[in-house]
Amino acid sequence: MRILLAEDDRLLGEGLLTGLKNDGYSVDWVQKGGAALSAITTTPYDAVILDIGLPEMSGLEVLSMARSKDITTPVLILTAQDAIEDRVKGLDAGADDYLTKPFSLDELYARLRALTRRSRGLSQQTIKYKNIIIDPAAHSVIYNNETIELSRREFALLEELVISAGRVLSRSFLEEKLYNWDNEIESNTIEVYIHHLRKKFGSELIKTIRGVGYTVPKE
Ligand code: CA
């Protein structure tokens, strides 16, 4: 999953960036309001972590502008401890949730998972597809009652495909979901991961639609 992190506090930003990456997210980090707005409006993020106190343009302005452009990406705002008014304004401006600084990384992860689950219309914590059970919180996959070891990217790719079962996902869409701005993407990267997944889950799971992309058939 790909996340936009808009936070101007260097220390907090670096901590969140490292933590989120370790937890398997692909993250772009911006430190100013203008950059946050342009990123939100041009990239299909799964969620945005938006500090309210950003330079140039506040998080609230960024949020209002994004919502006025019909951007529906889930947004979690970060507010200062005693800024109740910011929380209220943020929720009114279209934030989906908020966290008050300081917060624990574990709580942030749990809220991100809940947000992305809701935005995808999933109510369960685990994603089940035929004989595969994906647990995003534990980063584990069980296939035919056995735990399957997957790399971070293999996991992310499998999750995207299974959540979108029945839809064809283009290679460029999958690349956008798996990589952030800093990653150089080799032209056959997605194919390589698809190949790994087919070895682990059988060749029937993921179908190639020539010239279009990949799909996991509807259950
Ligand atoms: Ca700030």
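The values are calculated or read from the model by the stated rules, or taken from the named source; none is laboratory data. Small disclaimer: the values here were computed from a predicted structure and weren't measured. In this analysis, Cβ positions are derived from the backbone assuming ideal geometry, glycine residues included, and neighbour counts consider all displayed protein chains.
Listed values, structure above:
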item: Unique match (being in the same structural domain as Thr42 (by TED's automatic domain parsing), in contact with a strand residue (DSSP E or B) (Cβ under 9 Å, 6 or more places away or on another chain) and on the phi > 0 side of the Ramachandran plot) among Gly94, Gly90, Gly59; result: Gly94
item: Cross-chain or 6+ apart pairs with Cβ under 7 Å, the stretch 185-203 first and assigned to a loop (DSSP other than H, G, I, E, B), then of a type in the set (Phe, Trp, Tyr); result: Ile185/Tyr179
item: When residues of the stretch 130-177 are limited to those that are basic (Lys, Arg) and touching a residue at least 60 places away in the same chain (Cβ under 8 Å), the one farthest from Ala110 (Cα to Cα); result: Lys130
item: Qualifying residue in the stretch 27-36 (condition: away from the ligand (no atom under 16 Å from the Cβ) and touching a helix residue (DSSP H, G or I) at 6+ places or on another chain (Cβ under 7 Å)); result: yes
item: Flag for Ile194 being crowded, with 18+ Cβ neighbours inside 10 Å and in contact with a helix residue (DSSP H, G or I) (Cβ under 9 Å, 6 or more places away or on another chain); result: yes
item: Candidate set: the stretch 49-62, residues that are of a type in the set (Asp, Glu) and buried (at least 17 other Cβ atoms within 10 Å of the Cβ); chosen: the one farthest from the ligand (Cβ to nearest atom); result: Glu61
item: Residue that is surrounded by the fewest Cβ atoms within 10 Å (Cβ to Cβ) [pool: residues in the stretch 63-84 that are closer than 18 Å to Gly13 by Cα and more than 12 Å from the ligand (Cβ to nearest atom)]; result: Gln81
item: Residues satisfying the stated conditions in the stretch 1-26, i.e. within 16 Å of the ligand (Cβ to nearest atom) and crowded, with 17+ Cβ neighbours inside 10 Å; result: Leu4, Leu5, Ala6, Glu7, Asp8, Gly13, Leu16, Leu17
item: Strands (runs of 3 or more DSSP E) wholly inside the stretch 1-80 that include at least 1 residues being modelled with pLDDT of 95 or more and over 22 Å from Leu178 (Cβ atoms); result: 47-51, 75-79
item: Hey, Gly53 touching a Leu at 6+ places or on another chain (Cβ under 6 Å), more than 25 Å from Leu157 (Cβ to Cβ) and touching a residue at least 40 places away in the same chain (Cβ under 8 Å) or not; result: no
item: Residue list for the stretch 139-174, filter: of a type in the set (Lys, Arg) and more than 21 Å from Lys21 (Cα to Cα); result: Arg167, Arg171
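Every residue, every condition in (1) at positive phi; (2) loosely packed, with under 14 Cβ neighbours inside 10 Å, yes or no:
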{"residue": "Arg118", "(1), (2)": "no, yes"}
{"residue": "Lys130", "(1), (2)": "yes, no"}
{"residue": "Ser140", "(1), (2)": "no, no"}
{"residue": "Tyr143", "(1), (2)": "no, no"}
{"residue": "Glu146", "(1), (2)": "no, yes"}
{"residue": "Ser151", "(1), (2)": "no, yes"}
